[in-house]
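Working notes, beginning with the structure itself.
The values are calculated or read from the model by the stated rules, or taken from the named source; none is laboratory data. All values reported here derive from a predicted model rather than from experimental measurement. Glycine gets a Cβ as well: all are built from the backbone with ideal geometry, and neighbour counts include every protein chain shown. Ligands, DNA and RNA are excluded from the accessible area calculation, which covers all protein heavy atoms including side chains. Shrake-Rupley method; radii C 1.70, N 1.55, O 1.52, S 1.80 Å.
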Amino acid sequence: MDPWEEVRASDERPGARGGGPAGRDPRDPERGPGRLSTPVAGVGGRVQDARMLLADVAATSSALGATRSRLAKRALLVDLLRRTPPADVPIVARYLAGELRQRRTGLGWRSLRTMPPPADEPSLQVADVDAAFARMAGLAGPGSGTARAAEAAALFGAATAPEQDFLGRLVSGEVRQGALDALLLDAVAEAAGVPPESVRRAAMLAGATEPVAQAALAATDPSAAREALAAFTLEVGRPVRPMLAQSAPDVAAALTTVADVEDGDLAVVDAKLDGIRVQVHRADDEVAVFTRSLDDITARVPEIVEQVRALPAHRLVLDGEALVVDGTGRPVPFQDTAARAASGDAEVAATQLLQPFFFDCLHLDGEDLLDRPLTERLAALDRLLVDRPGLGVARVVTADPETALEHARAVLAAGHEGVVVKAAGSSYEAGRRGAAWVKVKPRHTLDLVVLAVERGSGRRQGLLSNIHLGARDEHGGFVMLGKTFKGMTDEMLAWQTERFRELEMADDGWVVTVRPEQVVEIAFDGVQRSTRYPGGLALRFARVLRYRDDKSAAEADTITRVRELAAWAEG
Ligand SMILES: Nc1ncnc2c1ncn2[C@@H]1O[C@H](COP(=O)(O)OP(=O)(O)OP(=O)(O)O)[C@@H](O)[C@H]1O
């Protein structure tokens, strides 16, 4: 069967995706039940000298957990931000928006089991807590375990019972990192009195929420805040959040999503390469390579650096995908590319070369191209790659569904995973999953979060094997959709056994409950109704394709998406 036909015959239907902003319930009151009792001082009246108490952040966090609507959550965040002294804004933003990588403190769940008695009065300031976490993260070598335990005891001992609870949830990952980012940006806008788009755009260009929150809220009035935000522009050397794609069930549906093809609007149909996203920046001989999550991997990928240095330009920012290809130019299995990208081992790096393929150009020799139409950006890319066309991505520009489909078939035959259909006139919307890029893959996959794992038996004795899979719900929690022990290689089993021991929260001797942080890409044959699992749905023949370290749990697929798949399957 033609794989593209298979897509159409499978469980997705065109047109059923999209809709308005998720989760906004007009019946919700402006302020939710968890509203803080402390009065709002207003932007001008923020207490400039005092520091923010951890108790305030902890109270907001627990109120957020109990509040269901986005509107009420945003109101709580605005409340908190307005009362936060400017110097503390970055820390508060980091704790609530998810740029705190808890794992780096070295504190495990086990160390939280024996808390010292709580303090009676709140006295901890967020800056003290942040400093304590930073000190713990900096500990290494002999004696560091004891020093870390002493730091933790001092920190937790100075915390009241609700603060201990918050710190515990922060360390254990229950205060979900990243989940609030979009909401926090809107709250920053409201607290600073500026349009939300200006905050979002600044955060995308800065590649981070923290500095943007600080700039907006340190300003004395809305017009100063607007000016401070406008100062965030594309900077060669500083990664921007990458533009993301929606999905469509087939090429024709993708085409009509991005372009008015009846009217002859053109679409760019790109090969979708299955590797790792790379954003490369170059200023003369300085080259930096960033991943989808904006980690700097320059030192691990000298072969990419070299190829970028050879391009005929002084300053550039390119977006692309890097993969290992075999002698015939076909991509190797994704796991091998991922293993190569993760490895800093010089021997591996020398034998398995990562080849970059560029599909967008955001800056070229002094000109920012983000706001230019895609066709102009691609013309710049083509000029740049004129002597190295192999560094580009196979594409056609068309309004004709047949031509697009033909290209998609050729791309698949060349060993790639699908196509990305893009509006020819669209700008680069950093950080957004807009309608301008639509991906089509013949194989169905979901990115789910591992909630628990069962001990293996027989051949898998001593290993952690059967994983419990969860989709995100609208309220920051997860809905279990089933379990699988299929598709795991021996290496994967060994890796996951170690990984899930790290994330362990409880072990009843059979099932190990883990912190919901690890994303796994699952292939499946369909979604069916089931009374067995809490969402009323289960995946048929779920199997593991790969673990994804480039996505956080906050970016995993939602139960709404799974419900859509079930509805499509039922017609
Ligand atoms: N030609 C291309 N244009 C844009 N993105 C591409 C292209 N080829 C490969 N990609 C990859 O596809 C991804 C776009 O899909 P999406 O935004 O949904 O991210 P994703 O969730 O990582 O996707 P997936 O899991 O399907 O790879 C990009 O992040 C990029 O890594």
Residues whose built amide H sits under 5 Å from the amide H of L362, excluding neighbours closer than 5 in sequence, are V317, L318, D319
In debye to the nearest 20, the charge dipole size for the stretch 205-284, taken about the Cα centre with +1 at each Lys and Arg Cβ and -1 at each Asp and Glu Cβ, equals 460 debye
With only helices counted (DSSP H, runs n ≥ 4, each -39500 (n - 2.57)), the per-residue ellipticity at 222 nm for the chain, to the nearest 500, works out to -10500 deg cm²/dmol
If the label point sits 7 Å along Cα→Cβ of T445, residues of the stretch 303-341 with amide N under 20 Å come out as 320-326, 330-341
Measure of exposure for H363: accessible area at 1.4 Å probe, Å² rounded to 10, is 10 Å²
Share of Cα-Cα pairs in the stretch 54-172 beyond 19 Å, whole percent, is 48 percent
At the level of C-alpha centres, the distance separating the stretch 515-551 and the stretch 281-345, in angstrom, is 31 Å
Subtracting the Cα-Cα distance of A410 and A140 from 0.36 nm times their residue separation yields 92.0 nm
Phi angles of the stretch 518-533, converted by Karplus (6.51 cos²θ - 1.76 cosθ + 1.60, θ = phi - 60°) into ³J(HN,Hα) in whole Hz with x for Gly and Pro, give 8, 8, 10, 8, 10, 9, 7, 9, x, 10, 10, 5, 7, 8, 6, 10
Computed from every Cα-Cα pair in the stretch 444-570, P(r) in 10 Å bins starting at 0 and rounded to whole percents is 14, 47, 32, 7, 0
By the mean-Cβ-within-10 Å protection proxy, highest first, 454-466, 228-240 rank as 228-240, 454-466
A 1.4 Å probe over the protein heavy atoms gives the chain a carbon and sulfur accessible-area percentage of 52 percent
Packing-ranked peptide list from 204-210, 438-444, 416-422, 280-286, highest mean Cβ count within 10 angstrom first, is 416-422, 204-210, 438-444, 280-286
In vacuo Debye sum over C-alpha of the stretch 181-231, base-10 log of normalised intensity I(q)/I(0) at q = 0.22, 0.23, 0.28, 0.30 Å⁻¹, listed in q order, is -0.61, -0.67, -1.03, -1.21
For the chain the translational diffusion coefficient, Stokes-Einstein from a Kirkwood Rh over Cα pairs at 25 °C and viscosity 0.890 mPa s, in µm²/s, is roughly 96 µm²/s
Given Cβ charges of +1 for Lys and Arg and -1 for Asp and Glu, the option among G535, S457, V199 whose Cα lies farthest towards the positive end of the dipole of the chain is S457
Here the gain from full extension of R383 to E402, 0.36 nm per residue of separation minus their alpha-carbon distance, amounts to 4.0 nm
